[in-house]
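Everything on this sheet refers to the single structure shown next.
The values are calculated or read from the model by the stated rules, or taken from the named source; none is laboratory data. What you see is a predicted model; the values in this text were computed from it and never measured. Note: ideal-geometry Cβ built from the backbone for every residue, glycine included; neighbour counts use all protein chains shown.
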Amino acid sequence: MDKADAVPAVISETNPRNPTEILPESIPSEMSNQGGQDLVAAQDENEEDDDDSALGEDFASSTASLTSSILEYRKFQGRTFNSDKYETEYFAPNDERQKESIDISHHYLMLLLDGKLSLAPSSDDLEKVLDIGTGTGIWAIDFADQYPNAQVIGTDLSPIQPDWVPPNVRFELEDATSNWTWSNDSFDFVHMRYLIGAITDWGALFKEAFRCCKPGAFVESVEVNPTFLSDDETASDVMAVQTWNKLFREASKAFGRSFCEIEGDVELLAAAGFVDLQVTDFKVPVGGWAKDSKLRQVGQFLRATIENDLEGKQVIGSGLQASKGI
C-alpha cells in the first residue's frame, strides 16, 4: 500500500486561553538508572540495518557519548538555557523551575484528555515510539510505563531528564529542526508537544516525521496558543493581557518562529503526506473560575504553571529589545 494512503495523522491542539498543574507520578515497578554517562547524542542511523537499531542491546548502536559541550548551557539573568552547540536557541530555560512547569503542564493535559497520554490510536503491539521535544521526559516515561513492550525514545536539546526511568525508555540529544537521524519507516508513533518558539519550518518538521513513520503509523502534534482570549472579548481590554499577547506575537515575527499558533498546520501535514487528519481544539481556563469541575481543576493547574515561572519568559522580551536595537 502506498505510504501516503496508510499513515494517518492526529493533531491535538490545546488553545490555552488559560493554563494548569501536577498529579503525583506513579513509579514503575521496574526502573533503570540511565545515568549521565549513558545519555547520548544522536547520530545518523541511515546506514544501519533497521533490525539492529530498533530493539534490544543494540538499541543505541547509532549514538555517540555525551560531550561536555552539551552541558555548557547559555546563561541569562540567572537562568540557564540549552547549549549553543545547536543552531536552535530555545526561548525557555532548562533549569529546575522550568522543569517543574513542564511537569505541571503535563498534568493539566492529562486532565484535559481524561487521563489519556494521547488521542492517537495505540495498542500493545507498538514497537517503537518517538517523543520529540521530550523536556523532562515525563510523557515518554508515562507512555513507556503504560506500554512496556514498546521502545520509547525521547529527544531534546537539553539533558534534563531523570536518571531513573523504565527500562524501555531512552533519551537522546537532538535538534528536531535539523535532519532527523532516524531511518525511513522507523516508528509506529511520533509524538511532539509544545514546540512553539522552537520551529522555523513546520513543513520540514512534518516531512521528517512522515519519512520516519512506518506505513500505518500515527503522528500527534500538540501545541498551545499562549495568548489570553475570552469568549466575550473583554480580556483584550486588560492592559496586562494586551502586553502579554503582544509579547508573543511580536516574538513570532522577530524570531521567525511561531509562538502563538502554527499557520496552516493541517495543510502542512497533508503536504508532508499524512492522511485522515483530525483536529481537536480545547478551550482552557486560567484559574479556578470554571463551573465544570474538570475545567476548574485544569485552570488551577494552568495558573500554577504560569505563576511558577513568569520570569522564564523574560528572555523573549529581552530578545525583542535586542532585535530592535534597544
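Of the residues Ala304, Ala240, Ala272, only one is touching a residue at least 24 places away in the same chain (Cβ under 8 Å), over 14 Å from Tyr108 (Cβ atoms) and not polar (S, T, N, Q); which? That would be Ala272, the only listed residue that is touching a residue at least 24 places away in the same chain (Cβ under 8 Å), over 14 Å from Tyr108 (Cβ atoms) and not polar (S, T, N, Q). Here's a check for you: in the stretch 221-264, which residue that is closer than 19 Å to Arg193 by Cα and of a type in the set (Ser, Thr, Tyr) is surrounded by the most Cβ atoms within 10 Å (Cβ to Cβ)? Top of the filtered list is Ser221.
Yes or no, residue by residue, for (1) out of contact with any strand residue (DSSP E or B) (no Cβ under 6 Å at 6 or more places or on another chain); (2) among the aromatic types (Phe, Trp, Tyr):
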| site | (1), (2) |
| --- | --- |
| Ala120 | no, no |
| Asn149 | yes, no |
| Ile153 | no, no |
| Pro167 | no, no |
| Thr177 | yes, no |
| Trp180 | yes, yes |
| Asn184 | yes, no |
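Against the test of being touching a residue at least 24 places away in the same chain (Cβ under 8 Å) and within 22 Å of Ala92 (Cβ to Cβ), the options Ala198, Ala150, Ala144 yield a single qualifying residue, Ala198. In the stretch 137-191, of all residues being part of a helix (DSSP H, G or I) and among the β-branched types (Val, Ile, Thr), the one that is nearest to Asp201 (Cα to Cα) corresponds to Ile138. Taking (1) in contact with a helix residue (DSSP H, G or I) (Cβ under 8 Å, 6 or more places away or on another chain); (2) at pLDDT 85 or above; (3) under 19 Å from Asp281 (Cβ atoms) in turn, Ala235 satisfies each apart from (2). Looking at the structure I just gave you, is Lys207 assigned to a helix (DSSP H, G or I), surrounded by fewer than 13 Cβ atoms within 10 Å (Cβ to Cβ) and out of contact with any Phe, Trp or Tyr (no Cβ under 9 Å at 6 or more places or on another chain)? So Lys207 fails the test. Does any residue of the stretch 112-128 turn out to be touching a Gly at 6+ places or on another chain (Cβ under 9 Å) and touching a residue at least 12 places away in the same chain (Cβ under 8 Å)? Checking the stretch 112-128: not a single residue is touching a Gly at 6+ places or on another chain (Cβ under 9 Å) and touching a residue at least 12 places away in the same chain (Cβ under 8 Å). Given the structure, is Pro215 more than 28 Å from Gly256 (Cα to Cα) and assigned to a loop (DSSP other than H, G, I, E, B)? No. For the stretch 119-128, the count of residues that are surrounded by fewer than 19 Cβ atoms within 10 Å (Cβ to Cβ) and closer than 17 Å to Glu223 by Cα is at least one.
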